[in-house]
Amino acid sequence: MPHTRSAEKNLRKSTKRRAKNRTVKRNIKDELKSFTATLGGTVEAAKLEMVKAVKQLDKAAAKKVIHPNLAARKKSQIVRAFNSKFVKPKA
């Protein structure tokens, strides 16, 4: 337990921040799962889910909830999966 007033305040702040960060990370994971699920469906649905997932990753990286390199890596994986499924390679 904290001994000083400032330590008590820091504990309150860190608890709130942790809860918010966990929510954002959970939302990102949910978006990635819904994107993967729509890869078996139509192009339009998959593209819509891809845009949503990329937006979530960008927002989280901008607010330093996740590392920017993690966001870039996940976005690259998402786009690569989309392209391999729906975009025909040029001959």
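The values are calculated or read from the model by the stated rules, or taken from the named source; none is laboratory data. Here the structure is a predicted model, which means the values were calculated and not measured. Neighbour counts are summed over all protein chains in view; Cβ atoms, including those assigned to glycine, are modelled from backbone coordinates with ideal geometry.
Is the range 50-63 home to any residue that is under 13 Å from the mean Cα position of the chain (by Cα), outside any helix (DSSP H, G or I), within 17 Å of THR23 (Cβ to Cβ) and touching a residue at least 40 places away in the same chain (Cβ under 8 Å)? No, the conditions are met nowhere in the range 50-63. Scanning the range 4-37 for residues that are polar (S, T, N, Q) and either at pLDDT below 95 or within 16 Å of the chain's Cα centre (by Cα) (or both) turns up ASN21, THR23, ASN27, SER34, THR36.
Summed over the range 64-85, residues that are in contact (Cβ under 8 Å) with a residue 24 or more places away in the chain and either under 16 Å from the mean Cα position of the chain (by Cα) or surrounded by 14 or more Cβ atoms within 10 Å (Cβ to Cβ) (or both) total 7.
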